[in-house]
Every structure is written in structure tokens, then in C-alpha cells.
Amino acid sequence: MTAPLFDRVAFIGIGLIGSSIARVMRRDGLAGSIIACARSDETLNTALELGIADEVTKDPAVAATGADLVMICTPVSTYGAIAAAISPSLKPGAIVTDVGSVKASAIKAVLPHLPEGVHFVPGHPIAGTENSGPESGFDTLFEGRWFLITPPPGTDQGAIDKVAELWTRAGSNIDYLEPEHHDQVLAITSHLPHLIAYTIVGTATDLEDHIKSEVVKYSASGFRDFTRIAASDPVMWRDIFLENRDAVLEMLGRLSEDLAGLQRAIRVGDGDTLEALFRRTREIRRGVVDAGQHIPPSPEDEPPSST
Ligand code: NAP
């Protein structure tokens, strides 16, 4: 047991990600007390039953009152309204942080609302599962995974260090990225693979009944992995595509061009082109394994090709 890093911690949203880091705080005594805010009685009662919150409220402003650390762990589209609601109750010196999967729009939504003397440290754990809600969290979720910090210029270094310390205690490796760069990288490593999975599973769903039933029966041939990814939270992923629109559209444009090239290679029987690409991509997989980034399950950062 170590001394608490933060006296009072407020969670706005206590689902998979929020409850997982709350479990770490409980396990290692990193928070003096924890108050959780969510919309539903069910989520709040579960947080109390699991012992990951001392108090609960449906009002973000109440949760943020007197908090040393406010962790925003809700879908990214909620950020603006949450930041506006907590702003009057934030105490000077408080740190506000988040775990959202898109960073430029998160900063744009939160920063303008925060009073002078309150520090915003945006972050993103590259870890997750396809499950939602406080009951699906676990305290080892972040072990050996990246936690990316994307501070806007001028962010207080002491606040950054405290947030980094929290995630280091959760077992994460810390890295720092420009918010826009983060969004471009994640567009190709995470967002596009999800879009492809959603598309393939959607296409299969629209097939004639006799084919559809066999798709499920023989799904071990690759389709199964796509269905796992495509089972990820619909609201969270809706927000990710809307909030990271430019980067996703840019990567989607490139993908469409490459796909058209492959389509042509197949039509004209150009085996050399196909084989050259498949050899190149096999090397990429080796690089991922060598970097220790192949450990399932973690749909947000594990595209179907990696399992
Ligand atoms: P989740 O399990 O669905 O939990 C979301 C939480 O937010 C719930 O407690 C929900 O409460 C609460 N909530 C939603 N809207 C709210 C509002 N307007 N005011 C207060 N509370 C609200 O989601 P999650 O997977 O933990 O994701 C949370 C964040 O982490 C997202 O921004 C996501 O981009 C990011 N993230 C997710 C993953 C992943 O793999 N899942 C990985 C990295 C980052 P109710 O249950 O009462 O609605």
C-alpha cells in the first residue's frame, strides 16, 4: 500500500475503462476517496456493490466538487456538456483528465470550459475489450499497454507527471503525442479496422438466408474475429467516427485506392502483385509481435488481422 496519489477522485462515467482504473486505485490505495457519476441507477448501484466508489451521483457538478482529480470516462460526444457542467465546481489546482479515443476534438470540447488554474491532461489508454459497463472492468487491463498523453501547449508539467504516475502504477507504458498526430495514427491502427469489421459483418448479415446460416456455421475461417471487433460498443464507436472524421476519411480514401488495386490484380490474374503485398504484410505482423503488441483481447487496438 502506498500513500494516495489523489485525496479525492471523481469519475464521470464508470464503465469498462473508468471502473478498470478505479479498481487499480482501490487495489493500490491511490485515491483517498472515489465518487462516481453516471446516468443510470443500475451503473451507480453496481459501482457501489463492486466497492469501486464510496459515493455516487447523477450530477457531474456534484461529483467534481472538491475533487483533486476528475476522470472523464464517457463517450467523447458527451465531453462539452460535461465540461460545462463541472466547470463552476472545480477547485483551483484540480486536474481534469480523460480516456477518450479521439484527442483533438476532446481538447476542443473541454479546454474552453475550464477555469484558470485547473489543469487538463488529455490521455488515451490503448487497451480495452468489446464489453461495456462497470462489471466488465478488471485491474490488469492496462498492464503492458500504452497510455498516450496528448497535452495541449502550455499544460502544467506537474499535472502531466501526476497523471503519468497514475497510469504507470496501472502497469502502462507512457508516451506523448501531438493530439492531431494521435488521431491520424489511431485512425489507421484502430478506427479503420473497426470500420472494416463493422462492414464485413454488416455485408454478411445482408446475404441471402441460405448463405448467412453457413457464414455463422463456418465462421472460424476469419469471420469470427471480425464479429468480435464488430461487437464493440455502438455509441462509443459512433462517436469515434464522427469526432475523428477528417483523419478517418483520409485513411479510408487511401484504403479504397489500395482495395481497387487489389480488385484489379484479382480480375486480371496478377498473382505477383497479390503475393508481393501479402509478403510485405506478413513482415508487419512480425514487427507487431516483436513490439509485444499482439496480446489479445483488446479490440480497440487489435485489428482482426492480428489474431
Ligand atoms: P462504457 O463501458 O460504455 O461506459 C461509459 C460510462 O459513461 C458509463 O458509466 C455511462 O453511464 C457513462 N455515461 C455515458 N454518458 C454519460 C453522461 N452524459 N453523463 C455521465 N455519465 C455518462 O464505455 P467505455 O468502454 O468505458 O468507454 C469510455 C471512454 O473510454 C470512451 O470515451 C472511449 O472512447 C474510451 N476508450 C474505450 C476503450 C474500449 O475499448 N472500450 C479503450 C480506450 C478508450 P450509464 O451506464 O449510466 O449510461
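The values are calculated or read from the model by the stated rules, or taken from the named source; none is laboratory data. Because the structure is a prediction, the values reported are computed rather than measured. Methodologically, a virtual Cβ is constructed for each residue, glycine included, from the backbone with ideal geometry; neighbour enumeration extends over all protein chains shown. Accessible surface is based on the protein model in full, side chains and every heavy atom, while ligands, DNA and RNA are left aside. Shrake-Rupley method; radii C 1.70, N 1.55, O 1.52, S 1.80 Å.
Mind listing the phi-derived Karplus ³J(HN,Hα) values for segment 278-291, rounded to whole Hz, using 6.51, -1.76 and 1.60 with θ = phi - 60°, and x for any glycine or proline?
5, 5, 5, 6, 4, 4, 4, 4, 4, x, 5, 5, 4, 7
Tell me, what ³J(HN,Hα) does each residue in segment 79-85 have, in order and in whole Hz, if you take phi through Karplus 6.51 cos²θ - 1.76 cosθ + 1.60 with θ = phi - 60° and put x for Gly and Pro?
4, x, 5, 5, 4, 5, 6
In percent, how large is the relative contact order of the chain, given Cα pairs closer than 8 Å and 6 or more residues apart?
17
Which of rounded, prolate, oblate describes segment 6-177, given a ≥ b ≥ c as roots of the alpha-carbon gyration tensor eigenvalues and a/c under 1.5 marking rounded, otherwise prolate only if a/b is larger than b/c?
It is rounded, given that a/c, with a ≥ b ≥ c, falls under 1.5.
At 7 Å along the Cα-to-beta-carbon direction for both Phe138 and Ile211, put a label point, then send me their distance in nm to one decimal.
That separation, rounded to one decimal, is 3.7 nm.
Tell me whether segment 213-274 comes out rounded, prolate or oblate; compute the Cα gyration tensor, take square roots of the eigenvalues as a ≥ b ≥ c, and use a/c under 1.5 as the rounded threshold.
Numbers: a/c = 3.84, a/b = 1.17, b/c = 3.27.
Oblate, since a/c reaches 1.5 and b/c is not below a/b.
Stretch Lys108-Asp28 to full length: gain in nm at 0.36 nm per residue minus the Cα-Cα span?
25.5 nm
Send over a whole-number figure in Å² for the accessible area per residue of the chain, probe 1.4 Å.
Accessible surface, normalised per residue, equals 49 Å².
Using the per-residue mean of other Cβ atoms lying within 10 Å as a proxy for protection, in what order, highest first, do the peptides 13-21, 147-155 fall?
Sorting 13-21, 147-155 by mean packing, highest first, produces 13-21, 147-155.
Compute the long axis of helix 245-267 from its Cα atoms, compare it with the longest principal axis of the Cα atoms of the chain, and write down the angle in degrees, 0 to 90, nearest 10.
The angle comes out at about 20 degrees.
Checking the a/c ratio against 1.5 first, then a/b against b/c, what shape does the Cα gyration tensor give for segment 181-293?
Taking the square roots of the gyration eigenvalues as a ≥ b ≥ c, segment 181-293 is rounded.
In whole percent, how big is the carbon plus sulfur part of the accessible area of segment 92-144, probe 1.4 Å, protein atoms only?
Here carbon and sulfur together make up 54 percent of the probe-accessible area.
Remind me, relative contact order of segment 181-293 in percent, using alpha carbon pairs under 8 angstrom and six or more residues apart? Kindly include the intermediate steps, with their values, before the conclusion.
Working: 43 pairs, mean separation 34.7, N = 113.
Relative contact order for segment 181-293 comes out at 31 percent.
Just order 22-28, 157-163 by mean Cβ neighbour count inside 10 Å, highest at the front, would you?
The peptides rank, most packed first, as 22-28, 157-163.
Given the options Asp41, Asp59, Asp68, which has the most mean-square fluctuation in a GNM of the chain, springs set between C-alpha atoms less than 10 angstrom apart?
Answer for the Gaussian network model of the chain: Asp41.
Mind pulling the angle between the C-alpha long axis of helix 41-50 and the longest principal axis of the chain? Nearest 10 degrees, somewhere in 0 to 90.
Around 80 degrees separate the two axes.
According to a simple spin-label model (label point 7 Å from Cα along Cα-to-Cβ), what is the distance in nm between Ala276 and Asp54?
It is 6.4 nm.
Going by Cα centres, segment 106-145 and segment 80-102 are how many Å apart?
The two parts, judged by their Cα centres, are 11 Å apart.
For Arg8, what residues show an amide H to amide H distance below 5 Å, using hydrogens built from the backbone and excluding near sequence neighbours?
Residues meeting the amide H criterion: Gly32, Ser33, Asp68, Leu69.
Rounded to the nearest 20 debye, what is the charge dipole size of segment 218-267 about its Cα centre when +1 sits on each Lys and Arg Cβ and -1 on each Asp and Glu Cβ?
320
Counting only DSSP beta bridges with both residues in the chain, what percent are antiparallel, rounded to the nearest 5? Provide the component values of the computation, followed by the final result.
Working: 3 of 27 bridges.
Antiparallel bridges make up about 10 percent of those DSSP assigns within the chain.
Taking the 0 to 90 degree range and rounding to the nearest ten, how far is the long axis of helix 157-169 tilted relative to the main principal axis of the chain, both from C-alpha atoms?
The angle comes out near 70 degrees.
Under the rule of at least 5 residues apart or a separate chain, name every residue whose amide H is placed under 5 Å from the amide H of Trp146.
Long-range HN contacts for Trp146: Ile126, Asn173.
Between Ile72 and residues 5 or more places away or on another chain, which pairs have amide H atoms under 5 Å apart, with H built 1.01 Å from N, and which residues are they?
Answer set, sorted by chain and number: Ile12, Thr97, Asp98, Val99.
If you average 1/r over all unlike Cα pairs in segment 160-245 and invert the result, what Kirkwood radius do you get in angstrom?
Kirkwood hydrodynamic radius for segment 160-245: 15.5 Å.
Using a 7 Å offset from Cα along Cα-Cβ at Val288, what residues in segment 167-194 end up with backbone N under 19 Å from the label point?
Correct set: 183-194.
If contacts are Cα pairs under 8 angstrom and at least 6 residues apart, what is the relative contact order of segment 1-137 in percent?
Normalised by residue count, the contact order of segment 1-137 is 28 percent.
By a straight-distance test (C-alpha under 29 Å), which lysines pair with Lys162 as possible cross-link partners, with residues fewer than eight away in the same chain excluded?
Lys58, Lys91, Lys103, Lys108
Anyone know which of Ala81, Ala53, Ala265 comes out most mobile in the 10 Å Cα GNM of the chain?
Fluctuation is largest for Ala265.
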